[in-house]
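These notes concern the structure reproduced below.
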Amino acid sequence: MTDCTFGFVGQKHKFVVVAADRSAARSIVVFKQDEDKVLELDASKLLGSAGSAPDGVAFTEFIQKNVALYEIDNGTRLDTFATANFIRNELAQALRRGPYQTNLLLGGLDRESPLYADDEASLYYIDYLASSNKVNFGCHGYASNFILSIFDKEWHPDLTVDQAKDLVQKCIDELQNRFLINLPE
Amino acid sequence: MAGSYDRALTVFSPDGKLFQIDYAYEAVKKGAATVGVKGSRCIVLGVERKAVAKLQDPRTIRKVVKVDEKITLAFAGLTADARVLVQRARVEAQSYRLTMEDEPSVEVMARYLARLLQRYTQRGGVRPFGVSAMLAGFDAVTAEPKVYQIDPSGTYFSWKANAIGGRNAKTMREFLEKHWTPTLDDDDAVDLCVKTLLEVVDSGAKNMEVVLLKIDPDTKLQTEETLSDDKLDAIIANIEAEANEQPAEAKDMAD
């Protein structure tokens, strides 16, 4: 059970941050504190999952292999927009069969191309009911109650990487301060 | 005798042959020549580039393709069949990565393709693939080069050097048998591959495509290089110059 995933883009400086807590727990027991819940889809995309752990792992790995297959088949990488749509489509098809209980944050970087006027960083908020939205910052889980307000106040399009690190630290501090569940990492 | 026993795949002939498979081999022979040579630290794949129509774009014809990050495939035979085979191989490679959390070895891939091809020799209503495939890659642990060939019958073997398809695969194979040694370095392997191709292909870089797969034994880093036309032309010119010198030397020795 992931409790929080959050992320944001740095529009001016072309970066995306995707963060997640590191504990794997069920009921009152914590299995491990060093679980990695942000998967590298490929060299320029990150997929953070929140919610049910087995669904998260199975689904994100499945997406990762399909993204790799596309690259081998077509000799070129899928862009973030196409990947988000692919993910959403898979979730939508499974929704009325056997839904994946997983919320996702897809962060990606795309190089300048006929589709993109310039290098672009984008973040997509995809929830378990297969809705997808392009956002500047996003959050899944209880953490959103706390972190969204921080983002509302502190996020702006010209964030530098150092400012981004501070922002992440602010979010973590807030959670450790105000969130009932203690998430050490 | 061939007349009545060669129609259905699922019928043996009285002398134990499955004619459809034999005919599939014939389809392979009609394909472009493909040569694979193992060097001590590299693999060279060379394919004959058949002349294209004037109005056709030659870049859309790719005969040496990647099946997985570290496995390359060259084929001879029916291109459409090969396309299907390559697609199945690619999906299987990703499927293997998903379930085993590890990359497939060349042998695993070869075994999968062989099993697939065999399945098409034992069902009603289908025909065998008219493709012979050469899989090339390096061992994940020892960095040893590996070349496997899979036939339409579903058999697969590891080869040190082999040639399939083309006007005269037999001639090419005999040439390889005469000249292959276990200690070929990268340049020698490329040389041998090009010389073999020149046995059946017209001279000139535009008539062949040569891909050099190298591995650094320490870092295990693999690189793939498609030799440029200029490089190829230089190699061919070199080979032909050597060939021209030799008759002169023979003459000197005779005198």
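Just so you know, all these numbers are worked out from the coordinates, no wet-lab data involved. Remember, predicted model here, so these are calculated numbers, not experimental data. As a convention, Cβ positions derive from the backbone with ideal geometry for all residues, glycine included, and neighbour counts pool all protein chains shown.
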Inset, instruction - Equivalent ellipsoid semi-axes for chain B, as square roots of 5 times the alpha carbon gyration tensor eigenvalues: give them largest first, rounded to whole Å. - result: 32, 24, 17
Legend entry - Volume of the Cα convex hull of region B:161-230, divided per residue and given in Å³: 97 Å³
Legend entry - Angle between chain B longest axis and helix B:186-198 axis [Cα atoms, degrees, rounded to 10]: 70 degrees
Legend entry - Inverse mean reciprocal Cα-Cα distance (Kirkwood Rh) of region B:133-255, Å: 16.3 Å
Inset, instruction - Using only Cα atoms, find the angle between the long axis of helix B:79-100 and the longest principal axis of chain B, and express it within 0 to 90 degrees, rounded to the nearest 10. - result: 80 degrees
Legend entry - Note, ³J(HN,Hα) from phi for region B:160-177, Karplus 6.51, -1.76, 1.60, rounded to Hz, x at Gly and Pro: 7, 6, 7, 9, 10, x, x, 4, 8, 5, 5, 4, 4, 5, 5, 4, 4, 4
Inset, instruction - Could you state, as a whole-number percent, how many of the C-alpha pairs of chain A are farther apart than 24 Å? - result: 37 percent
Legend entry - Relative exposure of A:C4, B:C193, judged by other C-beta atoms within 10 Å (fewest first): A:C4, B:C193
Legend entry - Charge dipole (debye, nearest 20) of the protein assembly as shown; +1 at Cβ of Lys and Arg, -1 at Cβ of Asp and Glu: 2040 debye
Legend entry - Angle between chain B longest axis and helix B:19-29 axis [Cα atoms, degrees, rounded to 10]: 30 degrees
Inset, instruction - On each of the three principal axes of the Cα atoms of region A:1-71, give max minus min coordinate, whole Å, ordered largest first. - result: 41, 31, 16
Inset, instruction - Compute the relative contact order of region B:110-232 as a whole-number percentage, counting only Cα pairs closer than 8 Å that sit 6 or more residues apart in sequence. - result: 18 percent
Inset, instruction - Work out the P(r) tail for region A:31-132: percent of alpha carbon pairs separated by more than 16 Å, whole number. - result: 56 percent
Inset, instruction - Would you mind ranking B:V141, B:V11 by Cβ crowding within 10 Å, fewest neighbours first? - result: B:V141, B:V11
Legend entry - region A:27-33 - phi-based ³J(HN,Hα) in whole Hz, Karplus 6.51/-1.76/1.60, Gly and Pro as x: 6, 9, 10, 9, 7, 8, 10
Inset, instruction - Search the structure for amide H atoms under 5 Å from the amide H of A:L159, placed 1.01 Å from N in the peptide plane, and list their residues when 5 or more places away or on another chain. - result: A:Q11, A:K12
Inset, instruction - Could you run the Karplus curve 6.51 cos²θ - 1.76 cosθ + 1.60 with θ = phi - 60° over region B:110-122 and give me ³J(HN,Hα) per residue in whole Hz, x for Gly and Pro? - result: 4, 5, 4, 5, 4, 4, 5, 5, 5, 4, 7, 9, 9
Inset, instruction - Can you run the Rg to Rh ratio on the protein assembly as shown? Use alpha carbon positions and the Kirkwood inverse-distance Rh. - result: 1.10
Inset, instruction - Excluding A:V29 itself, calculate the net charge of residues whose Cβ lies under 15 Å from the Cβ of A:V29, where each Lys or Arg counts +1 and each Asp or Glu counts -1. - result: 0
Inset, instruction - Starting from the amide H of A:F15, placed 1.01 Å from N in the peptide plane, find each other amide H under 5 Å away whose residue is 5 or more places distant or on another chain. - result: A:G10
Inset, instruction - Please report A:F15, A:F137 as a ranked list, fewest other C-beta atoms within 10 angstrom at the top and most at the bottom. - result: A:F15, A:F137
Inset, instruction - Considering Cα pairs under 8 angstrom that are at least six residues apart, work out the relative contact order of chain B and quote it in whole percent. - result: 25 percent
Inset, instruction - Per DSSP H run of n ≥ 4, the term is -39500 (n - 2.57); total these for chain B, divide by its residue number, and report the mean residue ellipticity at 222 nm rounded to 500 deg cm²/dmol. - result: -13000 deg cm²/dmol
Legend entry - 222 nm mean residue ellipticity, helices alone, for chain A (DSSP H n ≥ 4; -39,500 (n - 2.57); rounded to 500): -12500 deg cm²/dmol
Legend entry - For B:L184, distant residues with modelled amide H under 5 Å away: B:S40
